[in-house]
Amino acid sequence: MTQNTQTLDGKISLVTGAGAGIGRAIALHYAKNGATVVVSDINEESGQETVNLITEFGGTASFKKSDVSKADDATALVQFAVDKYGRLDIACNNAGIAPPATPLAEVDDALWRKINSVNLDGVFYGIRAQINAMLRNNGEGGTIVNIVSILGQVGFTGLGPYVATKHAVVGLTKQVAVDYAAQKIRAIAVGPAFIKTGMEDNLDPDSRAALDDMHPIGRMGEVDEVGAVVAAVSAPGWSFVNGAYLPVDGGFLSR
Ligand SMILES: NC(=O)c1ccc[n+]([C@@H]2O[C@H](COP(=O)([O-])OP(=O)(O)OC[C@H]3O[C@@H](n4cnc5c(N)ncnc54)[C@H](O)[C@@H]3O)[C@@H](O)[C@H]2O)c1
């Protein structure tokens, strides 16, 4: 019989920003597919809640607090996974923040730096530490999934710093492929459109309907629709996919 190349059984994974929203869904899907998960977040309480959700259904997970914008935290997070579980096979760089809508010419230095420090510096620090661990996997390499956005492919009114950082992470993803494919390390950028994380509940009905209408499918996405895709692309069966941008967008970019 051929091997099941879609399972994550035996894999050691980490997810940043896994205390809420899309990151929590990714951590849950990793665990449900058999991976051990190092749940990481800047918020200890919500991260620990994700661990509890995983252990409740019999999965294996532990929490490590980490601020992705700090290089030392990125190194310590990877070291935690290696010390506790022996290796790192899969890393999902999910943590990200969005700025308040601001015309580009009015973006001040502090806002520009803040968005860059989490969304771009954070992914670079993560990737660097993760690759260094994956190079020690006896030639088996590893998989890196970067959560970008439809705004890693197109602009969006008022979101300049966010758009710039997400495009940059698409570039970093390609660079991992070019530099490390020979060592069996691969990277994929997953690009969600607008996903329901609870914030949309604060919108007035007209704004909410306008958001739904941007998607040809006629609605925003669910966090589980991203989590399921990220778990799938992290599996060994996707070994020849490297440097790709994969939209998870209900057709948003296809118009
Ligand atoms: N929600 C959407 O519509 C949407 C669409 C496209 C892309 N994304 C991307 O998906 C990712 C997750 O978004 P979300 O909507 O689930 O966000 P969210 O705000 O619901 O959750 C983000 C999590 O990241 C954590 N976090 C924030 N700053 C951090 C830091 N410096 N270090 C570590 N953790 C930190 C937060 O504590 C939180 O638990 C982001 O990269 C975002 O850009 C979201």
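Given 25 °C and 0.890 mPa s, compute D for the stretch 124-255 with the Stokes-Einstein relation, Rh being the Kirkwood radius over Cα pairs; round to the nearest whole µm²/s. This corresponds to a translational diffusion coefficient of 154 µm²/s.
Taking Lys and Arg as +1 and Asp and Glu as -1, the other residues whose beta-carbon sits under 15 Å from that of VAL68 total +1. Report the relative contact order of the stretch 83-162, percent, no decimals, based on alpha-carbon pairs under 8 angstrom and at least 6 residues apart. Taking the mean separation of contacting Cα pairs over the length of the stretch 83-162, I get 55 percent. In terms of other Cβ atoms within 10 Å, VAL241, VAL178, VAL51 run from fewest to most in the order VAL178, VAL241, VAL51. Close lysine pairs were tallied over the stretch 12-247: pairs 8 or more places apart or on different chains with Cα atoms under 26 Å apart number 25. The angle separating the long axis of helix 71-85 from the principal Cα axis of greatest extent in the chain is about 40 degrees.
Rounded to the nearest 10 degrees, the angle from helix 44-56 to the longest Cα principal axis of the chain is 60 degrees. Under the combined filter of DSSP loop state and at most 12 neighbouring Cβ atoms within 10 Å, the stretch 4-87 retains these chymotrypsin sites (Phe, Trp or Tyr not before Pro): PHE57. Most fluctuating residue of ASP204, ASP67, ASP212 in a GNM of the chain with Cα springs under 10 Å: which is it? Checking each option, the largest mean-square fluctuation is seen for ASP204.
Between GLN175 and LEU111, residue separation times 0.36 nm minus the direct Cα-Cα distance comes to 20.4 nm. Using helices alone, I'd like the mean residue ellipticity at 222 nm for the chain: each DSSP H run of four-plus residues gives -39500 (n - 2.57), total over residue count, nearest 500. So the helix-based figure for the chain works out to -12500 deg cm²/dmol. Reported value for the stretch 97-167: 77 Å³ per residue, from the convex hull of its C-alpha atoms. Panel note: the C-alpha atoms of the stretch 12-247, placed on their principal axes, show extents of 52, 38, 33 Å (largest first). Considering only THR165, THR143, THR55, the Gaussian network model of the chain with Cα springs below 10 Å gives its largest mean-square fluctuation to THR55. Relative to the longest principal axis of the Cα atoms of the chain, the long axis of helix 160-180 makes an angle of roughly 30 degrees. With contacts taken as Cα pairs under 8 Å at a separation of at least 6 residues, the stretch 12-247 carries a relative contact order of 20 percent.
Where a number appears in this text, it was derived from the coordinates with a stated rule and is not lab data. Since the structure is predicted, the reported quantities are computational estimates derived from the model, not experimental observations. Every residue, glycine as well, gets a Cβ built from its backbone with ideal geometry; the counts of neighbours run over all protein chains shown.
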